[in-house]
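**Q** Have a look at this one before I ask anything.
What follows is calculated from the coordinates using simple rules that are stated; it is not laboratory data. Computed from a prediction, not measured in an experiment: that's the story for all the values here. All Cβ positions, even for glycine, are placed from backbone atoms using ideal geometry, and neighbour counts span all protein chains on display.
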Amino acid sequence: MTLRTISIAQTDTGPLRRLALMALIVALVLAQAVAARAQPDSFADLAQQISPAVVNITTSTVVEQPTGPSPIVPEGSPFEDFFDQFRNRQGEGDRPRRSSALGSGFVVSEDGYVVTNNHVIESADEIIIEFYSGETLPAKVIGTDPKTDIALLKVEAPKPLPFVKFGDSDTAKVGDWVLAMGNPLGQGFSLSAGIVSARNRALSGTYDDYIQTDAAINRGNSGGPLFNLDGDVVGVNTAILSPTGGSIGIGFSMASNVVKRVVGQLQEFGETRRGWLGVRIQDVTNDVAEAMGLDKAKGALVTDVPEGPAAEAGMLAGDVITSFDGKDVADTRSLVREVGNTEVGKSVRVVVFRDGKTTTLDITLGRREEAEGETPVAQPGKEREAPVEKSMLGLTLSPLTDEFRAQLEIDDTVTGLVLTDVDELSEAYEKGLRAGDLITEAGQQKVATIRDLEERITEAKDAGRKSLLLLVRRAGEPRFVALGIEE
């Protein structure tokens, strides 16, 4: 089959017609090239617009002198006076000294609220804000949030201040132009341009949602804004990945949609107020999904339900949370963010997968900041068994004895099977199980005896399962592990 083509000659009605068509083609090609390039000729106008709202931050802290060992000089030695004089000239001794640090920030309201990183002002007893005009003002701390590394400051200015507003970080796409401004290495009000390199990066925090950028970010940029081309703040420059300490094109800015929620709470309450569900969770892996009869490896698997909102609503260890407040739960990270972003005291509908079917729970959220540090309630005890070891699934197991309870610091009300050994060539070893771990559930049912575990294995095989889900505790921390049971 021959494709039909149309040439200029076939539509030829004269020289003018050909010229017009050629001009149109050239114009279309140029328009496409310009659109694809999408690069501004200059950022000068945007820089002039945003600069007045960006600030340099200088902090100072009184630091106690270290009390480390001094050079050993024999008493009466001719060097004794020399070392005493040297220490006095250097100001050593027990006298404290003042240490200073530099950072960046930006004004978010005309009445003087300033956003920066928590680590920029942490432990500071004096904070000085320098504006683009050269004016300096002292600042006080309104509130901080170490979990997102955000701090809110306030200055008392004699007149309304230039400020910038937060943009919608969810609209930032990989490849979009962004500008970072701040005080890198003490070189104040420095601008760098780059693109959004990646989205939704996590570093180490519970609520991490970082925009990765190749715009140059260095020491001193911390707390400064990341702008889009509309002059809106889409991120707060927080960290870099670098083996040298300088920019190598991998910087991280906390997404503005996270920051503005934190700033709003700090401004209103002086602290954060995050929702709290009251569960311990882990991701659902493929083998865990198969062991539980789930179609897909998604959701958040509940490993423990301490006293709190979820326990009061009837949630159980072994439930898989698939939906929270009308939103699908992809994994533990998405659930933690959704819960934390939900207002304290709100009643939400939580859908869980339990025993092969879904169940909906109505849960009134508590406040995480009040609940942190609480420990799970103890589980009811069961009848003990004689200390007879047995090996299965690559594990050597023993019922709990008083000796094991004392060694592992396990409460008398807790039941389970102790791993006394793990075959290093087994799947269990590969998945991190070690001697001293405690199996408290198998197939989402409690186990107190070796016979209990054998029955769970038989039930799983009869149901056509290829693996068995175990709830394992180590130093009190629970997690689910799926082990193959095929012979």
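**Q** Pairs Lys165/Lys346; Lys154/Lys260; Lys390/Lys431; Lys140/Lys260; Lys140/Lys346: which are spaced more than 23 Å apart, C-alpha to C-alpha? Please report the intermediate quantities before stating the final value.
**A** Numbers: Lys165/Lys346 28 Å; Lys154/Lys260 16 Å; Lys390/Lys431 20 Å; Lys140/Lys260 19 Å; Lys140/Lys346 32 Å.
In this structure, Lys165/Lys346; Lys140/Lys346 exceed 23 Å between Cα atoms.
**Q** Now, a different point. Please report, for the Cα atoms of the stretch 169-269, the Rg to one decimal and the Dmax as a whole number; what are they, in angstrom?
**A** Both quantities, over Cα of the stretch 169-269: 12.8, 40 Å.
**Q** I'd like the distance between the alpha-carbon centres of the stretch 307-325 and the stretch 130-183, rounded to an integer number of Å.
**A** 38 Å
**Q** A further question follows. Counting only other residues whose beta carbon sits under 11 Å from that of Gly231, what net charge do I get with K and R as +1, D and E as -1? Provide the component values of the computation, followed by the final result.
**A** On the way: positive: Lys165; negative: Asp45, Asp230, Asp232.
Net local charge, Gly231 excluded: -2.
**Q** Using Cα centres only, tell me the gap between the stretch 229-300 and the stretch 420-487 in whole Å.
**A** 32 Å
**Q** Can you run phi through the Karplus equation (6.51, -1.76, 1.60; θ = phi - 60°) for the stretch 447-453 and list ³J(HN,Hα) in whole Hz, with x for Gly and Pro?
**A** Each residue's phi maps through the Karplus curve to give 10, 10, 10, 5, 4, 4, 5 Hz.
**Q** Still on this structure, I have one more. Once all Cα-Cα distances of the stretch 276-371 are split into 10 Å bins that start at 0, what whole-number percent is in each one?
**A** 18, 56, 23, 3
**Q** Project the alpha carbons of the stretch 390-484 onto their principal axes and report the range along each, largest first, in whole Å.
**A** Its Cα atoms span 39, 27, 23 Å along the three principal axes.
**Q** For the stretch 307-366, which trypsin sites (Lys or Arg not before Pro) are in a loop by DSSP, counting at most 16 other Cβ atoms within 10 Å? Write out the running numbers ahead of the final one.
**A** Values: sites: Lys327, Arg333, Arg337, Lys346, Arg349, Arg354, Lys357; in loops: Lys346.
For trypsin sites (Lys or Arg not before Pro) across the stretch 307-366 that sit outside H, G, I, E and B with at most 16 neighbouring Cβ atoms in 10 Å, the list reads Lys346.
**Q** May I ask you to derive the FRET efficiency for Glu409 and Glu459 from their Cβ-Cβ distance with R0 = 25 Å, giving the value to the nearest 0.05? Kindly include the intermediate steps, with their values, before the conclusion.
**A** Values: r = 32 Å, r/R0 = 1.27.
Efficiency, rounded to the nearest 0.05: 0.20.
**Q** Between Met392 and residues 5 or more places away or on another chain, which pairs have amide H atoms under 5 Å apart, with H built 1.01 Å from N, and which residues are they?
**A** Excluding prolines and chain starts, which carry no amide H, the hits are Leu397.
**Q** In what order do Thr206, Thr272 fall by count of nearby beta-carbon atoms within 10 Å, going from fewest to most?
**A** Values: Thr206 13, Thr272 22.
By the 10 Å Cβ count, ascending: Thr206, Thr272.
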